[in-house]
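Participant: Sending over a structure as structure tokens; questions will come in a sec.
The values are calculated or read from the model by the stated rules, or taken from the named source; none is laboratory data. Computed from a predicted structure; not experimentally measured. Neighbour counts are summed over all protein chains in view; Cβ atoms, including those assigned to glycine, are modelled from backbone coordinates with ideal geometry.
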Amino acid sequence: MVTFAPKVDLWLAVVIASAPLIALGVAVAASLTGDVAAIVAGWATLLGVVALYAAVVWPLAYEVGEDSLVIRFGLMRTRVPYEDITRIRPSRNILASPALSLDRLRIDRRCGGFLPIAPDDRAGFIGAVQARAPHVAVEARR
């Protein structure tokens with residue numbers, strides 16, 4: 001199995017990091033006021049944001065296994081058998097997905113669906129998939 005790290009856009013990293021940092025600031029400010037309700041709300045919000053990220057964002061990895069592609073994002077995992085993959089092509093689709101960059105690859109599936117992902121090493125990822133699934137068509141970067 002070969003694991004590929006996600007590509008992370010700086011602007012998206014700033015947006016993602018800002019939510020827990022703002023929640024931390026609110027929690028600390030609330031703690032300084034001594035208002036118990038504000039303290040509880042501030043720290044609960046921070047814990048909620050961290051829990052959400054742990055559930056759906058980190059860790060994020062793309063694993064090219066012997067018989068399938070596995071996409072891990074937070075507590076979730078999607079397994080795509082190679083025979084279900086028809087094409088890999090560049091994409092800048094902004095739909096929510098297990099990708100932290102808009103410089104994405106779109107994995108088209110035989111069932112008609114698709115998965116947008118963003119491995120940091122695009123060429124290495126495509127090569128690893130093609131080595132296990134030579135039937136997969138690959139479109140060049142636009």
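Participant: Just to verify a result, which residue in region 110-142, among those that are basic (Lys, Arg) and either under 21 Å from Val8 (Cα atoms) or exposed (fewer than 15 other Cβ atoms within 10 Å of the Cβ) (or both), is modelled with the lowest pLDDT?
Facilitator: My answer is Arg142.
Participant: Of the conditions (1) at pLDDT 95 or above; (2) assigned by the TED database to the domain that holds Ala123; (3) within 14 Å of the chain's Cα centre (by Cα), Pro90 clears all except one; give me its number.
Facilitator: In the conditions (1) at pLDDT 95 or above; (2) assigned by the TED database to the domain that holds Ala123; (3) within 14 Å of the chain's Cα centre (by Cα), Pro90 misses (3) alone.
Participant: Would you confirm whether any residue within region 84-96 is touching a helix residue (DSSP H, G or I) at 6+ places or on another chain (Cβ under 7 Å) and on the phi > 0 side of the Ramachandran plot?
Facilitator: Within region 84-96, not a single residue is touching a helix residue (DSSP H, G or I) at 6+ places or on another chain (Cβ under 7 Å) and on the phi > 0 side of the Ramachandran plot.
Participant: Name the one entry in Ala61, Ala96, Ala27, Ala19 that is part of a helix (DSSP H, G or I) and either within 27 Å of Gly127 (Cβ to Cβ) or free of Cβ contacts under 8 Å to residues at least 24 places away in the same chain (or both).
Facilitator: Only one candidate qualifies: Ala27.
Participant: Let me ask something else about it. Pick from Leu75, Leu46, Leu69, Leu10: which is aliphatic (A, V, I, L, M), surrounded by fewer than 12 Cβ atoms within 10 Å (Cβ to Cβ), in contact with a helix residue (DSSP H, G or I) (Cβ under 7 Å, 6 or more places away or on another chain) and not assigned by the TED database to the domain that holds Arg132?
Facilitator: Leu75
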